[in-house]
1. Is at least one residue of segment 144-156 touching a strand residue (DSSP E or B) at 6+ places or on another chain (Cβ under 8 Å), part of a helix (DSSP H, G or I), polar (S, T, N, Q) and within 25 Å of Asp239 (Cβ to Cβ)?
2. Is it fair to say Asp82 is within 29 Å of Thr149 (Cβ to Cβ), among the charged types (D, E, K, R) and in the same structural domain as Tyr240 (by TED's automatic domain parsing)?
3. Got at least one residue in segment 336-351 being crowded, with 18+ Cβ neighbours inside 10 Å, in contact with a strand residue (DSSP E or B) (Cβ under 8 Å, 6 or more places away or on another chain), at pLDDT 90 or above and in a strand (DSSP E or B)?
4. Just wondering, is there one or more residues in segment 85-93 that are more than 18 Å from Ser128 (Cβ to Cβ) and surrounded by 12 or more Cβ atoms within 10 Å (Cβ to Cβ)?
5. Tell me which residues, restricted to segment 106-125, are under 20 Å from Gly47 (Cβ atoms) and either within 20 Å of the chain's Cα centre (by Cα) or in a strand (DSSP E or B) (or both).
6. Could you tell me how many of the residues in segment 97-125 are closer than 30 Å to Ser153 by Cα, at pLDDT below 90 and not hydrophobic (A, V, I, L, M, F, W, C)?
7. Condition test on Val175, is it farther than 28 Å from Gly130 by Cα and surrounded by 18 or more Cβ atoms within 10 Å (Cβ to Cβ)?
8. Looking at (1) at pLDDT 90 or above; (2) over 18 Å from Cys13 (Cα atoms), which is the one condition that is false for Leu217?
Amino acid sequence: MKVISIANQKGGCGKTTTAINLASSLSSIGKTVLLIDLDPQAHASLGLNIESQDSIYNVISKLTPKKLKMDDIIKRAEDRFDIIPSNILVGTLEQELSDEIGRELKLLSIIEPLKERYDYILIDCPPSLGILTVNAIRTSDEIILPVETSRFSMQGVDHLLDIVTLIKERLNHHVHCRILVTMFDSRLRHSFTMLAVFKERFEKMLFDTIVHVNVKLKEAAVMGRTVAYYDKYCRGTKDYYSLAKEILCVEKQNEKSFKGGEQISKVLSSKMKKIMTQEIKEFFPTTFVLEAPGAQSVYITGSFNDWSLDDACRLKEVDGVWSTEIPLKPGVHKYQFIVDGVWREDPQNPRREKNSFGDVNSIIEVAAGELNAV
């Protein structure tokens, strides 16, 4: 059993969206999940269309006239996915607990009996660094910090890491921190520039998964549904499903030898496997090579992946030469390399054309049944 807090005191970074949809994705893989809404704004509860006058306030508070236990307030959100709702009264706990002895351990004590019932307990923290967030961190094994690619988000990461360090020193509790890039807009060069900065400063903390801008995520929240329930084939569903798989893979380091296709086949339905097998046959391996000695990272993006930043399109380096092999459908594809956040056409490919941004796309034509390379 693992407890994960999703925290960032900066609003608008996808914190609650991540909490809801990660919980849903983990449950779709077969894990039992409990999401604790610790945010007085109750966005996670509202995002799942759950409204309740009873909340975690009635469990923690000593002043409430209606004292409850955790089992009294647990609600079912989806199959294998439960939630403990929040409401505005949760905000009063900050003041109520301020002078109480052992205030940092209140949440830990009440969820301890639940640990054997769930594979994962996720906590949607308040957008602040107060007592409730400290309780969540003290209870957790890991913290996920959702960040958008902006300078302000980077400052928010530094502040939260200071709190984590303080908890480690004063409460003797170590928690592992991971950073999740959210709301990534692959149409903007600024996004890639800031991503490169995040990689430089927090490389070992970054998830490989990136959550892209996707209107379906907002639409699902408005409807009070998880994105997988609202549109199981959209980009938002894919991104959070990838995040759930990455979390599971990290915990199973002894299974790292599995190939990506083998890992996927273990969690997809037999119908989805059949569809994927048919589609894979339509793709042909294409090798991309770029000489870039001294570069820290090189990606390739293009019309074949909707110009998105996909970790599968990261090139590997040997003696200054970067290369990767990507399965592409037969036909004409436009592409560019991204070298340390800077977009570049392929200098070895004479076939190119100008795009609407004023720079140049390289062009490759993939032939069926042939070994393609540029």
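1. Initial filter on segment 144-156 (touching a strand residue (DSSP E or B) at 6+ places or on another chain (Cβ under 8 Å)): 144-149, 153-154, 156.
This time we only want the ones that are part of a helix (DSSP H, G or I), so: 153-154, 156.
Of the ones still in play, those that are also polar (S, T, N, Q) are 153.
From what is left, the residues that are within 25 Å of Asp239 (Cβ to Cβ) are 153.
Within segment 144-156, one or more residues are touching a strand residue (DSSP E or B) at 6+ places or on another chain (Cβ under 8 Å), part of a helix (DSSP H, G or I), polar (S, T, N, Q) and within 25 Å of Asp239 (Cβ to Cβ).
2. On the way: within 29 Å of Thr149 (Cβ to Cβ): no; among the charged types (D, E, K, R): yes; in the same structural domain as Tyr240 (by TED's automatic domain parsing): yes.
Judged against the criteria, Asp82 is not a match.
3. Yes: segment 336-351 contains one or more residues that are crowded, with 18+ Cβ neighbours inside 10 Å, in contact with a strand residue (DSSP E or B) (Cβ under 8 Å, 6 or more places away or on another chain), at pLDDT 90 or above and in a strand (DSSP E or B).
4. Kept after step one, since they are more than 18 Å from Ser128 (Cβ to Cβ), are these residues of segment 85-93: 85.
If we keep only those that are surrounded by 12 or more Cβ atoms within 10 Å (Cβ to Cβ) as well, we get 85.
Looking for residues that are more than 18 Å from Ser128 (Cβ to Cβ) and surrounded by 12 or more Cβ atoms within 10 Å (Cβ to Cβ), one finds at least one in segment 85-93, hence yes.
5. Here is the first cut: in segment 106-125, the ones under 20 Å from Gly47 (Cβ atoms) are 118, 120-125.
Residues satisfying the conditions are Tyr120, Ile121, Leu122, Ile123, Asp124, Cys125.
6. Going through segment 97-125 one residue at a time, the tally reaches 4.
7. Numbers: farther than 28 Å from Gly130 by Cα: no; surrounded by 18 or more Cβ atoms within 10 Å (Cβ to Cβ): yes.
So Val175 fails the test.
8. (2)
The values are calculated or read from the model by the stated rules, or taken from the named source; none is laboratory data. Small disclaimer: the values here were computed from a predicted structure and weren't measured. Note: ideal-geometry Cβ built from the backbone for every residue, glycine included; neighbour counts use all protein chains shown.
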